[in-house]
Amino acid sequence: MDMERMDDVRRNIDFNSLLEKTNLKEDGKNGVRYIIDFFGKGHPRDFTYRTAFFIGEHGFGKSFFATKLAEHLGIETIYYGKCNPHVKGIVICKTLDNILAAIGNDRKQLILLDNAHNLFRLANPEMHRPHPHPEDVEKYLSILDILDHSNNKLMVCVSSECPHGSTFGLLYRNSKMRVIFNEPGIPMKKDALKAFFGAHIPQDRIDFIAGNSIGYGFDDLFGVVKEAYISDPSFSMASIEGAMKSHLPFSSDIAKIYHNVPIRFSDVIGKQKAMKIIRKISDAYSGGKSIKFGISRGNLLLFHGMHGTGKSFVAKAIAGETGKFLVSVRPNALKEGFEGMEAFMDILKNYENSIVFIDEAEKFLKAHNSIEGFLNDIIEGADTSSIRGMLILAVNDIFALDPALLDRFVKIEFEPPTFEERVQFCKIKKDALEEGIRDVIDIDALATHTQGKSYREIDRVWNELMFHHIDTGETLDSRKVKGIILKMDEISQKNISMYG
């Protein structure tokens, strides 16, 4: 599709329909309606905001939505950005000075700053966290001053930069209204693919792409289509599947998205009791069985047990065995608020083939003042009718959680590995070695003297034993293995005594 055709498609998309279908929360939609009313009905001066911030990951439709808003308003738009929107009455600006010159009047104007963080020169670009140039900061504050004293101008900043960046922080702090763009839902992805490529791609292919596109923004989707076309201009299913495997979406700062996980249940060592439950649940939540048999909340799992006992590995095994996508949330990512969790709940509600895994979840829960608030706002009513995917929380200490939370989940305990499981784990590591060094460690002795330890701790012991072998050339028999482990435990206890 050529650029002229794509521009025609964009122009023909109705803004009111776009607003209703977009994956904005109701407060975000109300914010957009406020902007429309600002230039229409008007608002009392004491209750008006003059700056808004459209924020979200790259490719989630912020820029397109903002230009459609400008088109819908039908007023003069002062625009900064890398695109050249086909909007009537648009004034393209390249610098802060251009913007200041363009808004020094009494006309109705929307100031639209796309990729707004690029407006500023950097005072110290060589630094890890560079700051915007003081002169540009002063000019930006002058723009804000003009807005503050005007009844007919409003500015929308669009950015996907990290909130902790200095330039982003300047924009963020001075934007009084924030509209958060989460990942587009399946219906919106289908509409976009159909609008742009429906003349070339059959509807079943469009449905497949949208339904298997967790983590994909619009740019990613269009990249998949182009890659599939290069492989096969007729858009065979094989070409689309191949394009989706090679054109994976980026992972955000707070989560990593795994597609086509290669781990299976057969790769899990032991855990017979836990795996028996997990196999049943995985089977129930495939092929629509959970809905058919009225199974409720079996897709809300709580893995608990000491660290290093395989909770993350089993979550990957579920994804690999069932063919689902795994969204692995970084442990400390959700401490600052519920916005991130709400985005993941949207994924679970939209994608039946999704698993959201939050490790060390007690850190997230205990970081908030009200766990009950968390339950009511996020989990309340969560069953097969509202959450189609699978949510897995992993905790080290189940007793740190509120009993109300425990009642909502299927609890699965991960116990320390048994002697047989420890032997199997060590044997796997042994078999991965070159033949000449496979027998330098007494495997049975290692399994015997690591009773009560997790796989992660056994891994550390293995490393220490190998370091000893490399240093001394000694074969590590039962006596030496035991001695090294005792020494490691002694050092560990001293560290605990010193640092708590």
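The values are calculated or read from the model by the stated rules, or taken from the named source; none is laboratory data. Please read these numbers as outputs of a predicted model, since none were measured by experiment. Cβ coordinates were reconstructed from backbone atoms using ideal geometry, including for glycine residues, and neighbour counts include every protein chain displayed. These area figures cover heavy atoms from the full protein model, side chains too; ligands, DNA and RNA do not enter into them. Shrake-Rupley method; radii C 1.70, N 1.55, O 1.52, S 1.80 Å.
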**Prompt:** Any residue at all in the range 70-79 that is part of a loop (DSSP other than H, G, I, E, B) and surrounded by 22 or more Cβ atoms within 10 Å (Cβ to Cβ)?
**Reply:** no
**Request:** Name every residue in the range 93-137 that is in a strand (DSSP E or B) and modelled with pLDDT of 90 or more, in order of residue number.
**Result:** 109, 110, 111, 112, 113, 114
**Prompt:** Is it fair to say residue 352 is surrounded by fewer than 21 Cβ atoms within 10 Å (Cβ to Cβ), in a loop (DSSP other than H, G, I, E, B) and modelled with pLDDT of 80 or more?
**Reply:** yes
**Asked** Got at least one residue in the range 249-262 being over 28 Å from residue 65 (Cα atoms) and open to solvent by less than 30 Å² (accessible area, probe 1.4 Å)?
**Response** yes
**Check on residue 21, among the charged types (D, E, K, R) and open to solvent by less than 10 Å² (accessible area, probe 1.4 Å)** = no
**Request:** Kindly provide the set of residues from the range 152-185 that are open to solvent by 30 Å² or more (accessible area, probe 1.4 Å) and modelled with pLDDT of 85 or more, ordered by number.
**Result:** 152, 178, 180
**Request:** Return the total of residues in the range 51-60 being within 24 Å of residue 16 (Cβ to Cβ) and open to solvent by 20 Å² or more (accessible area, probe 1.4 Å).
**Result:** 2
**Complete:** Here, helices (runs of 4 or more DSSP H) confined to the range 392-500 with at least 3 residues that are out of contact with any Leu (no Cβ under 8 Å at 6 or more places or on another chain) and either of a type outside the set (Lys, Arg) or open to solvent by 50 Å² or more (accessible area, probe 1.4 Å) (or both) are 419-431, 443-448, 455-472, 478-499
**Prompt:** Name the pairs whose Cβ atoms lie under 9 Å apart, with the first residue in the range 463-482 and in contact (Cβ under 8 Å) with a residue 12 or more places away in the chain, the second open to solvent by 60 Å² or more (accessible area, probe 1.4 Å) and among the hydrophobic types (A, V, I, L, M, F, W, C), and 6 or more positions between them or separate chains?
**Reply:** 466/437; 469/437
**Request:** Confirm whether residue 60 is within 24 Å of the chain's Cα centre (by Cα), assigned to a helix (DSSP H, G or I) and over 16 Å from residue 152 (Cα atoms).
**Result:** no
